[in-house]
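Accompanying notes for the structure given below.
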Amino acid sequence: MLDGSYNCIYNNNYSMKNFSQITTPKQIAETCIGSRVRLINRVITKIYDDALRPLGITIGQLNILVVIAKKETARPAEVSSALKIEVSTLSRNIERMRARGWIEILEDAEDARAHQFRLSPEGQNLLAEAYPAWEEAQEKAGELMGDSGFDVLEQAADRAREFITA
């Protein structure tokens, strides 16, 4: 797990450098892990969003539908936790998806203030219709990342999940 003692980042040659030695914007630009992850995120998201656009759904919304479908009925906190997104982000998406008829809001029998949601028949159909577009995007993203890139990504995602739950 990363903590306050983690004071190193990788440079372009993948050798470790003490962060205190990196003092200029050029050095930060050449070594920032965050900017590289954000670049990859934007490019990969665009691949999926472009493939899904004809269906009127984004990859973020598709991921929400997938989590709800796996659970059959889900509370906001469960979906937020599964996707590691803020409840407010989820709420905005849920409202849009409800308005489009993809999900149904259910009253919680145990707590009148709480609610659950499930896929509507339209949402179930959309998920099935989206699969070929998702598969096409998955192939393009896989080509971009390459086998070794995907393996590294999977390892980093596993470590990130451990870090978040620690």
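Odds and ends about this structure:
- Among residues of region 32-47 that are within 15 Å of Trp134 (Cα to Cα), none has a Cβ under 6 angstrom from a residue that is among the hydroxyl-bearing types (Ser, Thr, Tyr) and surrounded by 13 or more Cβ atoms within 10 Å (Cβ to Cβ) at a sequence gap of 6+ or on a separate chain.
- Test: residue in region 61-76 that is in contact (Cβ under 8 Å) with a residue 40 or more places away in the chain, in the same structural domain as Ala141 (by TED's automatic domain parsing), within 21 Å of Ala156 (Cα to Cα) and out of contact with any Cys (no Cβ under 7 Å at 6 or more places or on another chain): no
- Test: residue in region 128-140 that is part of a helix (DSSP H, G or I), closer than 20 Å to Ala51 by Cα and of a type in the set (Ser, Thr, Tyr): yes
- Near pairs, Cβ below 9 angstrom, 6+ apart or cross-chain, from region 97-117 (exposed (fewer than 12 other Cβ atoms within 10 Å of the Cβ)) to any residue that is of a type in the set (Val, Ile, Thr) and not in a helix (DSSP H, G or I): none
The values are calculated or read from the model by the stated rules, or taken from the named source; none is laboratory data. Model, not experiment: these values are computed from the prediction. Note that we place each Cβ from the backbone using ideal geometry, even for glycine, and neighbour counts take in every protein chain shown.
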